């Protein structure tokens, strides 16, 4: 009788462990956009960032990537986010399969043209260095994180691997304005990243 009770208690304990432990080890996901699960938080140089908002980057009728903005605390005013010298990140989780490096670079250059008013000046070399980090095709399921920290600059992480870092708050402002500036690449995505 005691043996039966112990066996039942052990089975119950193992069931709880099998149910609870995997859940505890799985990252929490806050939102699903275009079939992509986006995490509630991201790490930026030891600082935990929270999901501010997310949406789809579309080109014509195609869904290119799920884009998410992560900040130290939620904020809906791009005039406070873009110039802020605080940790922040944009996650690009690709949905479209086969975005060439050339197309990405062309899109970055169009964005920088707008955010600098066509006068990149001292940013030119850093824009070229940034573009040089994008050498391969982005495929469905690829995840690119653009992470800014004041001490380091803008770090590009592709599928969990650091590709390179570009220094300077001025560069960060021009880059984040591509998503959040007055003339963003995608107005709908801007609105959604701002949680509106």
Given (1) over 21 Å from residue 139 (Cα atoms); (2) touching a helix residue (DSSP H, G or I) at 6+ places or on another chain (Cβ under 9 Å); (3) at pLDDT below 95, where does residue 25 come up short, assuming only one miss? (2)
Every residue from the stretch 177-196 that is within 25 Å of residue 124 (Cβ to Cβ), touching a residue at least 24 places away in the same chain (Cβ under 8 Å) and out of contact with any helix residue (DSSP H, G or I) (no Cβ under 7 Å at 6 or more places or on another chain): 186
For residue 90, indicate whether it is more than 26 Å from residue 173 (Cα to Cα), buried (at least 20 other Cβ atoms within 10 Å of the Cβ) and either under 14 Å from the mean Cα position of the chain (by Cα) or modelled with pLDDT of 95 or more (or both). no
Count - residues of the stretch 55-84 that are assigned to a loop (DSSP other than H, G, I, E, B) and either in contact with a helix residue (DSSP H, G or I) (Cβ under 6 Å, 6 or more places away or on another chain) or modelled with pLDDT of 95 or more (or both): 9
What is the residue count in the stretch 175-196 for residues that are under 20 Å from residue 131 (Cβ atoms), assigned to a loop (DSSP other than H, G, I, E, B) and touching a strand residue (DSSP E or B) at 6+ places or on another chain (Cβ under 8 Å)? 2
Residues located in the stretch 134-151, provided they are within 17 Å of the chain's Cα centre (by Cα), more than 23 Å from residue 86 (Cα to Cα) and surrounded by fewer than 20 Cβ atoms within 10 Å (Cβ to Cβ): 139, 140, 141, 142
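The values are calculated or read from the model by the stated rules, or taken from the named source; none is laboratory data. Not measured: the values here are computed from a predicted model. Because the Cβ atoms are built from the backbone with ideal geometry, glycine has one as well, and the counts that use them run over all protein chains shown.
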